[in-house]
Structure formats: C-alpha cells, structure tokens
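Report on one structure; see the data block that follows.
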Amino acid sequence: MTTCSAPGKVYLFGEHAVVYGEPAVPCAIERRARVTAEKRSDAGLRVNATDLSLDGFTVEYGDGDGPPNVDAPRSLVEDGMSYVEEAVTQARDAAGDPEAGFEVTIESDIPLGAGLGSSAAVTTALIDAATRELGTPLAPREIADRAFRAEYEVQDGQASRADTFCSAMGGAVRVEGDDCRTVDAAELPFVIGFDGGAGDTGQLVAGVRRLREEYGFAATTVESIGALVRSGERALADRDLSELGRLMDVNHGLLSALGVSSRTLDDMVWAAREGGALGAKLTGAGGGGCIVALDEGDGARTALSYAPACQEAFRAELATEGVRVEDP
Ligand code: PMV
C-alpha cells in the first residue's frame, strides 16, 4: 500500500490564455489531495473517495465489461472517475503492466471544480502512488507529464500543462506551451474566497475557444493576458506586491471580458478589494468556485467572511513541496 499527496494551486496570473500558448504563473498551496493505491491480485479497480467537499461515494469495477456499481449521481461520478481511470492508465503504461489492478482511496481538502486544481492534485498523487506500488517510481517531472496526458484525455485535448506541473513540482511555476519551469517566489499573502460552487472547466474552456474564434478582439484579450503575465513575472521577481495586486485586478477584468466570471466571483473579488486587498481575481476556470486575493493584513479575509457570496474564506500558504510520499 502506498500513499502520496499533491497540492492544489491558485493562478496568480494567466489561466485560460495558457491554453493558447500564453504564459501562466500558478502557485501551489497547502491544501492537498492524498491518494492511497494498493495493488490487487486481479485487474480490477475499486475507488473510495471521501472528503471531496461533496458527499463521499464508492465505485466498484468488476473484471467484466459491465457498468461499474456506483452509489452517487452519474455525472458527479463520471467527472471524478474519468481522471482516476486515465491516471491509472498512465501508471500502468509507465510501469509496463497493463493488467495492474488497484484499490484506490482518495481524501482531499481541495474543493472539487472550484479553481484550486483538485483534479490535477488527485491525478498527480495517484500516478505517483500507483507507479511506486508497481515498483516503478517516477521523477516529479515525469509524473507531471503523465498527469498532463491524463488531463488532456479527460478534457478532450483542452488542457494546459499548468495545473499538473504545479501540483507535481510545488512552489510557483511558469508554464508557456511545453516549456515548464519552477520560479523563485517567496511566500505571498494569499487569501482565498470560496462561494461553495464549482465551474465546468471543459465548458468554460470551450466557451473561450468559441469567443476567440468568432471575435478578433477576444483573441486580442487572450494575447493581452499573456502580456500582463510577462509584466507580472517582473513584479514577482521584484516582490512588488502592490504591482502584483494591480495586475491581478486587470487579469480579473480580462477574464470577465472572456465570459468566465460569475456574479458570486465578482462579488467576492469586490469584497476582498473593499476589505483592503492589494488585488483580487478569480482563479482557475471560473464560472463559480474560488477567488484569490493578496492581503498582508486580515481585512480581505474578514470582508470575505461577511460577504453573502462567500461560503468560506481562508489564508493559503505556498506549498513548497509538490507530490510526495506520505505515511499511510
Ligand atoms: O479550474 P481548474 O483548476 O480546472 O483550472 C483550469 C485552468 C485553465 O487554464 C482554464 C485550463 C487549463 O488546462 O489550463
């Protein structure tokens, strides 16, 4: 039995535009998914998921071709399980053991579909745990690559390397197409607001794609996000927090222009700003879920905790460690 964990992340800058080759800077945060994999004597796969900020569910796969036995609504299970299935496929492939079966247990304190990289964290931790269990441990960069391939399959080719690279490596990273690097970043004063909801990454990415194909100005907006990220990188290197905050505000405006914000995300962004944040933006795919603000004091977190749109407000520390082995 092997247990591995991997962190979630926030996007300091650049989500959505990164899908079209612009740079993005996600930062890993100390909210982790823990995945235990235990090799079975047959080729079956059994998955127990708990604490996914949703009611827990169990899926039992037999050896045959019949549908899995599930005790939760189909759509929820299909979403979560497709990442698990693709991660297992990658682990089997990496270990050269296509018939390997597993008991998988997933625990996570990253809300699902809320822009904090829950699927990347589960996929990354599962590939690490399953390949170790098969006696073929992989280097973090290879785990990142395999996790990206799994996400790419699930999201019909509409995925960047940003989430999975960040989750595997930890810290702040920079991703531009296939060029993935870690970035020196001191602790940033992140505050997160969560509206209790979720967005559908596939649908939101497809919406931006349509807009970008239809209107030249939407394509220009995507390029503007890329230019903003380059300015943001300089501010990050100089640790210029007020410039970082100002650019986060602009980044949120550009994401809104691409149609991926929501009433609750906008309300939380404004609550954080009015509470004294240096800047605030949605994080991840959008549509609902989380915003990230920069605030060294407690004003933004307090303002968020009173905002009707916000269900949970918390500080998030940079996770300097990416995917790692845990005691079972
Ligand atoms: O909300 P999340 O954690 O699924 O982040 C999606 C980020 C996108 O840039 C919108 C898509 C991607 O694959 O980079």
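Kindly provide the set of residues from the range 186-201 that are within 11 Å of the ligand (Cβ to nearest atom) and open to solvent by 30 Å² or more (accessible area, probe 1.4 Å), ordered by number.
If the condition is that a residue be within 11 Å of the ligand (Cβ to nearest atom) and open to solvent by 30 Å² or more (accessible area, probe 1.4 Å), then 198, 200, 201 are the ones that fit.
Residue 165: in a helix (DSSP H, G or I), open to solvent by less than 50 Å² (accessible area, probe 1.4 Å), over 17 Å from residue 5 (Cβ atoms) and among the hydrophobic types (A, V, I, L, M, F, W, C), yes or no?
So residue 165 fails the test.
Any residue in the range 238-251 that is charged (D, E, K, R) sitting within a Cβ distance under 7 Å of a residue that is in a loop (DSSP other than H, G, I, E, B)? List the pairs, counting only those 6 or more apart or interchain.
If the second residue must be in a loop (DSSP other than H, G, I, E, B), the pairs left are 239/186.
Per-residue answers, yes or no, for (1) of a type outside the set (A, V, I, L, M); (2) assigned to a strand (DSSP E or B); (3) under 30 Å from residue 143 (Cβ atoms):
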site: 260; (1), (2), (3): no, no, yes
site: 264; (1), (2), (3): yes, no, no
site: 288; (1), (2), (3): yes, no, yes
site: 291; (1), (2), (3): no, yes, yes
site: 300; (1), (2), (3): no, no, no
site: 303; (1), (2), (3): no, no, no
site: 310; (1), (2), (3): yes, no, no
site: 322; (1), (2), (3): yes, no, yes
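Of the conditions (1) more than 13 Å from the ligand (Cβ to nearest atom); (2) buried (at least 16 other Cβ atoms within 10 Å of the Cβ), residue 255 satisfies every one except a single condition; which number is it?
Result: residue 255 fails condition (1) only.
Out of 211, 244, which single residue is assigned to a helix (DSSP H, G or I), open to solvent by 30 Å² or more (accessible area, probe 1.4 Å) and either under 26 Å from residue 118 (Cβ atoms) or outside the structural domain of residue 20 (by TED's automatic domain parsing) (or both)?
Being assigned to a helix (DSSP H, G or I), open to solvent by 30 Å² or more (accessible area, probe 1.4 Å) and either under 26 Å from residue 118 (Cβ atoms) or outside the structural domain of residue 20 (by TED's automatic domain parsing) (or both) holds for just one of 211, 244, which is 211.
How many residues are open to solvent by 10 Å² or more (accessible area, probe 1.4 Å) and under 14 Å from residue 85 (Cα atoms) when one looks only at the range 101-138?
Residues that pass the stated criteria total 4.
The values are calculated or read from the model by the stated rules, or taken from the named source; none is laboratory data. Quick caveat, the model's predicted, so the values are computed rather than measured. So basically every Cβ, Gly included, is an ideal-geometry build from the backbone, and we count neighbours across all protein chains shown. The protein model used for the area step is the full one, side chains on, heavy atoms only, and it has no ligands, DNA or RNA in it. Shrake-Rupley method; radii C 1.70, N 1.55, O 1.52, S 1.80 Å.
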